[in-house]
Each structure stands twice: as C-alpha cells, then as structure tokens.
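Take a look at the structure below.
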Amino acid sequence: MKPVIASVLLALTGSLATAQFSSEKPDQSTSKLGAVDYLYPEQVTLAAGKPSPVALHFRIEPGFHINSHAPKDEFLIPTALSIPEDSGVRLDAATYPPGADFFLPADPDTKLSVYTGEFTIQAKLIAEPGDHLVKAKLRYQACDKTACMPPRTITVPIDITGK
C-alpha cells in the first residue's frame, strides 16, 4: 500500500510543479486564492483623446510570487494587463516593473523573473469623452516556493472620466 501512496503523491507533486508552464484558460472569477489584489486608483479624470499616464497599484499576498511581464522562459505565463475594446478607453502602452530574480529551492540552477509584495504598472490610457466604468483585466499565475496555482484573470475596475 505504501508504494501506491508514494506514487500518487509523486504524480501530484509533478503536476503542481509543472503548473507554471500550463496554457489552460485562466479562471475568470474575482475571488482570492493566494493571489493579487488591485489597490488603486479607483477613479481618474483624463484628457479625452490624449494618452494619459495612470499608475495601477497591486499587492501580492505574502508567501506568493507571480511571473513578471517578461519571464525568463517562453513557457512561463507572463503578467499582462488588458482593457476590453468596447470600454471607451484604450490601452496605448503599459510599462511593467522589472522582475526580481527568484530561485526555486528544488532547482537552484533555474532563475525566474517574478514580482512579490507590491508592484505598479504604468499605463498610458486614451479615453473617449464621457464617463467609463472600465473593467480592465490582469492575467497572472501565482506560485509559492513549491507549487503554482492555475493561471487567473482578475478584474481591475477603474472609473474613468474623459474630459
């Protein structure tokens, strides 16, 4: 019986370790699961029709990290911000912070580029005139030192007035 249990545990550990390389469709819910919280801004006024800077602030729960926007391996899931096309606001550009080097305890030869703690995405937004409740999206994959969760997409609500 013990060899069977050991085989099952080994298989589960392997599937969790490779989860960071998954290409599954992200979870679209906004509930927390060892994840990222959107902090602010909740409301901004922008010059209509002109690229305007907006700093979007996020916090990663303690004990977790997420891949940076430019992970070191093409199979890793990058952190990415998007804005729906029909929102009345367009993402002109996004500047992501540089990732910090992270080494997995099980594989110290592999270096990852990750975010931990708080990070800020500097977005340039172009708003049409009027009021827009934008439901931007942040896609990421949260991991701890031993396992990764499935990729997630959270809603980043921003009330934008284009004047």
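Bear in mind these aren't lab numbers, they're just calculated from the coordinates by the rules spelled out. None of the values given here were measured: they were computed from a predicted structure. Neighbour counts run over all protein chains shown; Cβ positions are idealised from the backbone, glycine included.
Before moving on, here are some points about what is shown:
Conditions tested, residue by residue: (1) touching a residue at least 40 places away in the same chain (Cβ under 8 Å); (2) surrounded by 16 or more Cβ atoms within 10 Å (Cβ to Cβ).
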| site | (1), (2) |
| --- | --- |
| S87 | yes, yes |
| P97 | no, no |
| P105 | yes, no |
| K111 | no, no |
| Y115 | yes, yes |
| Q122 | yes, no |
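- Top-ranked residue in region 59-79 [being in a strand (DSSP E or B) and not β-branched (V, I, T); ranked as nearest to E128 (Cα to Cα)]: R59
- Any strands (runs of 3 or more DSSP E) falling wholly within region 80-163 and containing at least 2 residues that are out of contact with any Asp or Glu (no Cβ under 8 Å at 6 or more places or on another chain) and among the hydroxyl-bearing types (S, T, Y): 107-115
- For region 60-75, a residue qualifies if it is of a type outside the set (V, I, T) and in contact (Cβ under 8 Å) with a residue 60 or more places away in the chain, and the qualifying residues are E61, G63, F64, H65, N67.
- Being under 15 Å from the mean Cα position of the chain (by Cα), surrounded by 12 or more Cβ atoms within 10 Å (Cβ to Cβ) and β-branched (V, I, T) is a description that does not apply to I160.
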